[in-house]
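Bear in mind these aren't lab numbers, they're just calculated from the coordinates by the rules spelled out. Keep in mind that this is a model prediction, so the values were computed, not measured. Note that we place each Cβ from the backbone using ideal geometry, even for glycine, and neighbour counts take in every protein chain shown.
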Number of protein chains: 2
Amino acid sequence: MRLTESEWQIMNALWQRHPATARDLNDGLPEEVRWAHTTIKTLLSRLVAKGAVSESKRGNASVYEPIITRDEARRSSLRTFLNQAFDGAVEPLLSFLAKEKSLTPKQRQQLARILADEDARKRGRK
Amino acid sequence: MRLTESEWQIMNALWQRHPATARDLNDGLPEEVRWAHTTIKTLLSRLVAKGAVSESKRGNASVYEPIITRDEARRSSLRTFLNQAFDGAVEPLLSFLAKEKSLTPKQRQQLARILADEDARKRGRK
DNA sequence: GACATAGTTCTACAGATGTCGCAGAATCTT
DNA sequence: AAGATTCTGCGACATCTGTAGAACTATGTC
């Protein structure tokens, strides 16, 4: 499932609050991205067409629900990102992240901790 | 600097081998993505227009050089990716990566090692 | 010099995306 | 029930992307 930039906006709002109407969503969107009502509707229609969102009627109005999960969307987005920028492999991204100045020691430690925890969890579960 | 999917292909080939002519590049591209010669030229022109690539003449033919570095491109791509899928923060991506089943213990360790090394380097440098 | 070859610029075009406006149907308010 | 308000469906349109053919020009080859 491939989402465009504005579709991500919509989905992010929808994952956060759903079921939701077009209006609900627009209110929930960040200040800077306030589209015309019809714009949201168009985006939502396209998402429904794609099968990323479900639409049902409550009286006259449409109510939307996400079908794909955020993690699913993240996964495919990550895939694409890796393919384009890192030869499709995770390792290069990992080193890149580790190298990045923008990653603070704190974040670095967080990452290390996450890994350790995850590792422990994996081990313990077996 | 925002690169499209096919632009990434070109850039990846160009970072790998440059200076290069349109023909050089096409040869260097993965089998599946062999465009018509003119397609490459079009893409290259667009990249030149964007300021991502420089063009110079050698006789009749054009020779291209990347202007932006791969890391720069990666950085902005990462930025966009984070903004869309992870609220713009690195941490959520880190946890996501750590959580992912697809990340093997080996990769997890690699990442841990990278972090440790980087940390040491940082510390030692100060 | 005449032709084949390879490079160049221009133009084109369909499909994807970002953004709506309009006009009519449904619903709410007095 | 009339007017105001809110939705909806549909069409529109400018840009961006992907992909390439056409036509012309410079080069290489006998």
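Quick notes on this one:
- Search result, residues across region B:45-55 that are free of Cβ contacts under 8 Å to residues at least 12 places away in the same chain and of a type outside the set (A, V, I, L, M, F, W, C): B:45, B:55
- Scanning region A:50-66 for residues that are over 18 Å from residue A:17 (Cβ atoms) and within 13 Å of DNA strand D (Cβ to nearest atom) turns up A:57, A:59, A:60.
- Every residue from region A:1-44 that is within 8 Å of DNA strand C (Cβ to nearest atom), basic (Lys, Arg) and more than 12 Å from chain B (Cβ to nearest Cβ): A:34, A:41
- Here residue A:47 meets each of (1) on the phi > 0 side of the Ramachandran plot; (2) within 16 Å of DNA strand D (Cβ to nearest atom) with one exception, condition (1).
- Scanning region A:70-86 for residues that are closer than 16 Å to residue B:73 by Cα and facing chain B (nearest Cβ under 7 Å) gives A:81, A:84, A:85.
- A single member of B:69, B:42, B:80 is within 25 Å of residue A:81 (Cα to Cα), more than 10 Å from DNA strand D (Cβ to nearest atom), of a type in the set (S, T, N, Q) and without any contact (Cβ under 8 Å) to a residue 60 or more places away in the chain, and it is B:69.
- Residue in region A:92-113 that is hydrophobic (A, V, I, L, M, F, W, C) and farther than 19 Å from residue B:80 by Cα present: yes
- Residue A:89 being under 30 Å from residue B:111 (Cα atoms) and either small (Gly, Ala, Ser) or more than 8 Å from every other protein chain (Cβ to nearest Cβ) (or both): yes
- The helices (runs of 4 or more DSSP H) located wholly in region A:1-112 that include 3 or more residues which are of a type in the set (Val, Ile, Thr) occupy A:37-50.
- Residue B:61 vs. criteria touching a Ser or Thr at 6+ places or on another chain (Cβ under 9 Å), more than 8 Å from chain A (Cβ to nearest Cβ) and of a type outside the set (Ser, Thr, Tyr): yes
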